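These notes are about the structure you will find just below.
The values are calculated or read from the model by the stated rules, or taken from the named source; none is laboratory data. What you see is a predicted model, and the numbers here were worked out from it, not measured in a lab. Virtual Cβ from ideal backbone geometry, glycine too; neighbours counted across all protein chains shown. Remember, those area values only see protein heavy atoms, side chains included, never the ligands or the DNA or RNA. Shrake-Rupley method; radii C 1.70, N 1.55, O 1.52, S 1.80 Å.
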Amino acid sequence: MIVVVALVVLLGVLAIGAWLIILERRLLALWQDRYGPNRAGPFGLAQIVADMVKIFFKEDWVPPFADKVPFILAPGVIIATVLLSFAVVPFSPLFTVSRLNVGLLFFLGVSSLGVYSVILGGWASNSKYSLLGGIRGIVQMLSYEVFMGLSVVGVVMLAGSFDLSDIVRAQRGLWFFIPQILGFVIFFIGGIAVTHRIPFDLPEAENELVAGFHTEYSGMKFGMFYVGEYVGVVLISAMTVALFFGGWLGPFLPPLVWFLLKTFLFMCVFILVRAALPRPRYDQLLAFGWKLLLPLSLANIVLTAAIYLAAKG
Amino acid sequence: MFSILRSIWGVLLHTFAKRETVLYPEELPYLPPRARARIVLTRDPDGQERCVACNLCAAACPVDCISLQAAEDEAGRRYPSFFRINFSRCIACGFCEEACPTYAIQLTPDFELSERKRKDLVYEKEDLLIDGTGKYHGYNFYRQSGLAIRGKGKGEGDQENPPVDIRALHDPR
């Protein structure tokens, strides 16, 4: 049973991640008053199949100046860590790969490991753009992981558990984004930064760094970085739903459908933010994190704790 | 902070905006009648080839996609023995049409040139010649010019006087 669930989650998440690329291209086109890819299959959905076939048949080239083993290892790391995090995502009461009592900590820990793919890829490429992108990636991901971790402390206090299923059940009366609006905003901003999406895509800022840490990658190894990023978007959307928007809770429809609908909505928000906002300068990014988000998330913890204790009497 | 939210909202409003893209094969854009694309060779009102193989179009062509060979028939009319346009090179600039002294070479609005093989885009004279006169209906080069061909001597063209007899002693007028 658990093997079947795990397989369904693995394949389903990879398929959603791949189709998210099409969704993003169509939505970006919609917001830029164009159509985007709409030829292959209904609504252009088969475009990703064509892209996959193309990318599989591309030459799998390792530059002669690269450090071979970490170079080949790096794209696998990002896929592995992101997919591992899905083990604790509570899709529905029955449909969860594993109910860890430290599920939230597991998610934070494993998704932090994803930074290794950025540093390994940037370092092993042995090129200056990759290295600069890798350095930016580490600093950004490590600092924003801090605020992400701190922003969910309020949720854990309200739910009284690290188990994600328990956290969802604790939201039966009131979804946590209302008492924890600050935590939600910080978590979502941190999520954008950790998946290094626009406006926080400084590790791969194409105007300055060609493609950042994956400049030297081609073929399916590049494809794995790419799909890894999109699966990361799915992961952050799913976690946002589970932590702040009541997970599978909702009237009429089955729980799994509610969870997927809410996740889809947040995937669209990711794309909307990308469509609307420019990229900040690197020092602005770090100043924003450490001077604004860190005090805010600490204040959020203190306030939540104070109100929680006062309410408990 | 407010400006960030405002720009996100502004982009979201574009969900309901009209899309600019013209979905080409299903939806054909309007092309003006003088739009420049595929080149044709026209005939004069009598059905004869207009081209006199002067090579001016080939000389004017900035991408050298026109090549032709001049010949002369027994009536004294010049014509191209072959006329070849490589449409994979043609940039539809229309310089050949401007250079042409006889209105023979003309550009049409048909732009849908695509082939599986590149050499299928090389058009020969048979592919280029059309039956009509194109944009200029009444014009016939040999009726306008002073050139003598069989059936038309010097001075018999339209708006032309007979040649002056330089040996005559008096002013012929």
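Points to keep in mind about this one:
- Single unsatisfied condition, A:Y144 versus (1) among the aromatic types (F, W, Y); (2) open to solvent by 60 Å² or more (accessible area, probe 1.4 Å); (3) under 20 Å from A:R279 (Cβ atoms): (2)
- Looking only at segment A:62-97, and only at residues there that are farther than 30 Å from A:L261 by Cα and surrounded by 21 or more Cβ atoms within 10 Å (Cβ to Cβ), the one that is nearest to the chain's Cα centre (by Cα): A:A74
- Some residue of segment A:151-165 being free of Cβ contacts under 8 Å to residues at least 24 places away in the same chain, part of a loop (DSSP other than H, G, I, E, B) and open to solvent by 40 Å² or more (accessible area, probe 1.4 Å): yes
- Residue in segment B:98-111 that is acidic (D, E) and surrounded by 13 or more Cβ atoms within 10 Å (Cβ to Cβ) present: no
- Residue under evaluation A:V241, criteria (1) in contact with a Lys or Arg (Cβ under 6 Å, 6 or more places away or on another chain); (2) modelled with pLDDT under 85, criterion not met: (2)
- Of the numbered criteria (1) part of a loop (DSSP other than H, G, I, E, B); (2) in contact (Cβ under 8 Å) with a residue 24 or more places away in the chain; (3) under 20 Å from B:L31 (Cβ atoms), the one B:S114 fails is (2).
- Applying the criterion of being part of a helix (DSSP H, G or I) and of a type in the set (F, W, Y) to the residues of segment A:188-230, the residue that is surrounded by the most Cβ atoms within 10 Å (Cβ to Cβ) is A:F213.
- Elements of type helices (runs of 4 or more DSSP H) contained in segment A:1-95, each with 1 or more residues being within 14 Å of chain B (Cβ to nearest Cβ) and at pLDDT 85 or above: A:2-31
- Considering residues of segment B:38-49 that are open to solvent by less than 20 Å² (accessible area, probe 1.4 Å) and modelled with pLDDT of 90 or more only, the residue farthest from B:A75 (Cα to Cα): B:I39
- Of the criteria (1) open to solvent by less than 70 Å² (accessible area, probe 1.4 Å); (2) more than 24 Å from B:L121 (Cβ to Cβ); (3) modelled with pLDDT under 85, which one B:P29 fails: (2)
- Of the residues making up segment B:114-154, those that are within 17 Å of the chain's Cα centre (by Cα), charged (D, E, K, R) and under 17 Å from B:Y79 (Cα atoms) number 5.
- Enumeration of residues in segment A:125-169 that are more than 26 Å from A:F288 (Cβ to Cβ) and acidic (D, E): A:D163, A:D166
- All positions within segment A:98-123 that are under 14 Å from the mean Cα position of the chain (by Cα) and either polar (S, T, N, Q) or part of a loop (DSSP other than H, G, I, E, B) (or both): A:S111, A:S112, A:G114
- If you go through segment A:177-187 and keep only what is touching a Leu at 6+ places or on another chain (Cβ under 9 Å) and open to solvent by 10 Å² or more (accessible area, probe 1.4 Å), you end up with A:F177, A:P179, A:L182, A:F184, A:V185.
- Screening B:D131, B:D120 for residues that are surrounded by 11 or more Cβ atoms within 10 Å (Cβ to Cβ) and among the acidic types (D, E) leaves exactly one candidate, B:D120.
- When the helices (runs of 4 or more DSSP H) confined to segment B:1-104 are screened for residues that are small (G, A, S) and more than 14 Å from chain A (Cβ to nearest Cβ), those reaching at least 1 such residues are found at B:56-60, B:95-99.
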